[in-house]
Amino acid sequence: MSSVSSVNYSEKIPNNVNLANDRTLQRALEHWQPHFLQWWRDLGPTDFQSADVYLRTAVSVDAQGWAQYGAVKMPDYRWGIFLADAVPDRKIGFGDRMGEPVWEQVPGEYRSTLRRLIVTQGDTEPASVEQQRLLGHTCPSLYDLRNLFQVNVEEGRHLWAMVYLLHAYFGRDGREEAEELLARHSGDADKPRILTTFNEPISDWLSFFCFTYFTDRDGKYQLKSLAESAFDPLSRTCRFMLTEEAHHMFVGETGIGRVVKRTLEVMKELNTDDPAKIRAVGAVDLPTLQKYLNFWCSSSLDLFGSEISSNSAANFANGLKGRPDEDQYQDHVLRSAVFHMENPGGKFEDVPMLNALNEVMRESYLKDCEIGLKRWNRTIERAGHAFRFTLPSPHFRRSIGVWAGLPVTPEGKLISKEEYDERRNEWIPSEADRAFVRSLMQRVVEPGKIAAWIAPPERGINNLPVEYEYVKLH
Ligand SMILES: [Fe+2]
Ligand SMILES: [Fe+2]
């Protein structure tokens, strides 16, 4: 391990950025720290602040063994600033300035754009904590409760990651933005979070698993594209965030997988696929689960922005934001490339590739989303059922871009507004579906016990048994 990657825990703010060498920055962040903690107490998980939670904490940025595990009360979690090690002689990997050395400071001409990108990413992190703050009351097991809190504290750390950049590189504007990140609140009528998906309430665990599957995966794609940035501190920050993010998607994928597993057990016991009978014994029928997938997938697709975007073109050309895994492509400049894009008239048009990058990202995101569906579908197939999950068309239920507001079915068919309104409840959870799912959300907190609507996990955390007391309530 290089000395750069070790984290200094003796300081008020754990970090691997030599914070002690920059007194002004250190003081500014130490001034923000109590505001963050106050926000955590006010809008973080309710009622569990004194519980001992078995959490992982970053101790280095090494790929191997970067975290340590132990019981922590959440307000005592060591939120800090961790950047992946610098790549020596790193060069800009895409856009018009490809091949030039990366930037250690923000170029003046990109200052406001970069600040906006960082603020928008930063805003999602505390937003999701706020969205999930009531879920602890209805946890299906202590194992799940612990995973929820792990996700929550890491989203808090991701806020720290962005606030560090704002404080360190954007002067007074950056400090003001850092305060604003604590002033906007998810779902707040006057000061909502920036992006719509992050104002949707997450009031049940099915939504939580869908959110971590679909919306945290959007986070993964945003972070991957920012990890390509020519602004090297942003790249290094995002690269380390991605190691934490992987766990959030694991929670989503295994969570949904366990719901499917439990439903299949019930279908076998009752020898039926009748949703009413499955619901009657307190499990989630597969068509209802499909509706939740439709809801959260379509909501998350909007996060990639308009199909045609001059902002994304400029961000790419200027080296601010690349494509996820830029290495996998041949052409990194894209000045002469075109994208064959379908528009709502059913026609295709050729769009300059630079202007279609949101769509490029959306497509690779959807491919990544398919992986879990294939896995769940295999278990359904093995159990001998014909039902299969599908992802909704990227044109379904969009509220941003050329498909916004158009009545499109999950299969991608444009229909009349009347038919759409009539059939909507077949595709996304109705009020009755939501009420049913909420009725299942009963709190289970005995070690090793699990709610009836979800199967136990295959293994515990960090080689501990499933029945380990992951959260000690007081
Ligand atoms: Fe995050
Ligand atoms: Fe996340």
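Report yes if some residue within the range 207-215 is within 16 Å of ligand 2 (Cβ to nearest atom), under 29 Å from Val437 (Cα atoms) and surrounded by fewer than 24 Cβ atoms within 10 Å (Cβ to Cβ); otherwise report no. Yes, the range 207-215 contains at least one residue that is within 16 Å of ligand 2 (Cβ to nearest atom), under 29 Å from Val437 (Cα atoms) and surrounded by fewer than 24 Cβ atoms within 10 Å (Cβ to Cβ). Candidates Ser128, Ser112: the one that is surrounded by 24 or more Cβ atoms within 10 Å (Cβ to Cβ) and either away from ligand 1 (no atom under 16 Å from the Cβ) or on the phi < 0 side of the Ramachandran plot (or both) is Ser128. Within the range 253-287, the set of residues being in a helix (DSSP H, G or I), more than 20 Å from Pro429 (Cβ to Cβ) and more than 16 Å from ligand 2 (Cβ to nearest atom) comprises Lys261, Leu264, Glu265, Met267, Lys268, Glu269, Leu270. Taken together, the criteria exclude Glu458 from residues that are open to solvent by 80 Å² or more (accessible area, probe 1.4 Å) and under 20 Å from Ser300 (Cβ atoms).
The sole residue among Leu117, Leu165 that is aliphatic (A, V, I, L, M), open to solvent by less than 10 Å² (accessible area, probe 1.4 Å), out of contact with any strand residue (DSSP E or B) (no Cβ under 8 Å at 6 or more places or on another chain) and more than 16 Å from ligand 2 (Cβ to nearest atom) is Leu165.
If the condition is being open to solvent by 20 Å² or more (accessible area, probe 1.4 Å) and in a helix (DSSP H, G or I), then the range 326-347 contributes Asp327, Gln328. Residues of the range 219-253 that are open to solvent by less than 10 Å² (accessible area, probe 1.4 Å) and acidic (Asp, Glu): Asp232, Glu244, Glu245.
If only residues of the range 359-387 that are in contact (Cβ under 8 Å) with a residue 12 or more places away in the chain and outside any helix (DSSP H, G or I) are counted, the one that is nearest to Tyr213 (Cα to Cα) is Phe387.
Filtered by the rule that a residue be more than 22 Å from Glu265 (Cβ to Cβ) and in a loop (DSSP other than H, G, I, E, B), the range 448-474 gives Ile461, Asn462, Asn463, Leu464, Tyr468, Glu469, Tyr470, Leu473, His474.
Only one residue in Arg262, Arg172 is open to solvent by 20 Å² or more (accessible area, probe 1.4 Å), closer than 30 Å to Gln442 by Cβ and away from ligand 1 (no atom under 14 Å from the Cβ), so which one is that?
Values: Arg172 fails: closer than 30 Å to Gln442 by Cβ.
Only one candidate passes the filter, namely Arg262.
Entry remark, the range 422-440: residues being surrounded by 19 or more Cβ atoms within 10 Å (Cβ to Cβ) and in a loop (DSSP other than H, G, I, E, B) number 2 in total. Just to be sure, is Arg133 open to solvent by 20 Å² or more (accessible area, probe 1.4 Å), within 16 Å of ligand 2 (Cβ to nearest atom) and over 30 Å from Ala314 (Cα atoms)? Answer is yes for this residue. Among the residues making up the range 409-421, a single one is within 29 Å of Ala283 (Cα to Cα) and open to solvent by 100 Å² or more (accessible area, probe 1.4 Å): Glu411. Please go through the range 41-51 and pick out each residue that is closer than 22 Å to Leu29 by Cα and either in a loop (DSSP other than H, G, I, E, B) or of a type in the set (S, T, N, Q) (or both). The answer is Gly44, and nothing else.
Each row is one residue, and each column tells you yes or no for (1) in contact (Cβ under 8 Å) with a residue 24 or more places away in the chain; (2) of a type in the set (Phe, Trp, Tyr); (3) surrounded by 14 or more Cβ atoms within 10 Å (Cβ to Cβ); (4) not in a loop (DSSP other than H, G, I, E, B).
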{"residue": "Arg323", "(1), (2), (3), (4)": "yes, no, yes, no"}
{"residue": "Glu349", "(1), (2), (3), (4)": "no, no, no, yes"}
{"residue": "Leu357", "(1), (2), (3), (4)": "yes, no, yes, yes"}
{"residue": "Phe389", "(1), (2), (3), (4)": "yes, yes, yes, no"}
{"residue": "Ser393", "(1), (2), (3), (4)": "no, no, yes, no"}
{"residue": "Arg397", "(1), (2), (3), (4)": "yes, no, yes, no"}
{"residue": "Ile400", "(1), (2), (3), (4)": "yes, no, yes, no"}
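As for the range 71-84, it holds no residue that is away from ligand 1 (no atom under 16 Å from the Cβ), within 21 Å of Phe208 (Cβ to Cβ), part of a loop (DSSP other than H, G, I, E, B) and out of contact with any Leu (no Cβ under 6 Å at 6 or more places or on another chain). Checking the stated criteria, Phe250 turns out to be free of Cβ contacts under 8 Å to residues at least 40 places away in the same chain, part of a helix (DSSP H, G or I), farther than 30 Å from Val333 by Cβ and within 22 Å of the chain's Cα centre (by Cα). Can you tell me which residues in the range 20-51 are buried (at least 18 other Cβ atoms within 10 Å of the Cβ) and either more than 20 Å from Glu179 (Cα to Cα) or modelled with pLDDT under 95 (or both)? Once the filter is applied, which keeps residues that are buried (at least 18 other Cβ atoms within 10 Å of the Cβ) and either more than 20 Å from Glu179 (Cα to Cα) or modelled with pLDDT under 95 (or both), the range 20-51 yields Pro45, Phe48, Ala51.
Could you tell me which residue of the range 52-70 is nearest to Leu464 (Cα to Cα), considering only residues that are open to solvent by 60 Å² or more (accessible area, probe 1.4 Å) and not in a loop (DSSP other than H, G, I, E, B)? That would be Tyr69. The residue pairs whose first member lies in the range 157-175 and is closer than 17 Å to Arg239 by Cβ, whose second member is among the polar types (S, T, N, Q) and within 16 Å of ligand 2 (Cβ to nearest atom), and whose beta carbons are closer than 7 Å, counting only pairs six or more residues apart or on different chains, are Ala161/Thr237; Met162/Gln121; Leu165/Thr237. Pro140 passes every criterion in (1) of a type outside the set (Asp, Glu); (2) within 14 Å of ligand 1 (Cβ to nearest atom); (3) out of contact with any Asp or Glu (no Cβ under 9 Å at 6 or more places or on another chain); (4) farther than 22 Å from Lys321 by Cα apart from (2).
Determine, yes or no, whether Ser128 is within 29 Å of Gly187 (Cα to Cα) and in a helix (DSSP H, G or I). Considered against the rule, which asks whether it is within 29 Å of Gly187 (Cα to Cα) and in a helix (DSSP H, G or I), Ser128 comes out as yes.
The values are calculated or read from the model by the stated rules, or taken from the named source; none is laboratory data. These numbers come from a predicted model, not from an experiment. As a convention, Cβ positions derive from the backbone with ideal geometry for all residues, glycine included, and neighbour counts pool all protein chains shown. Remember, those area values only see protein heavy atoms, side chains included, never the ligands or the DNA or RNA. Shrake-Rupley method; radii C 1.70, N 1.55, O 1.52, S 1.80 Å.
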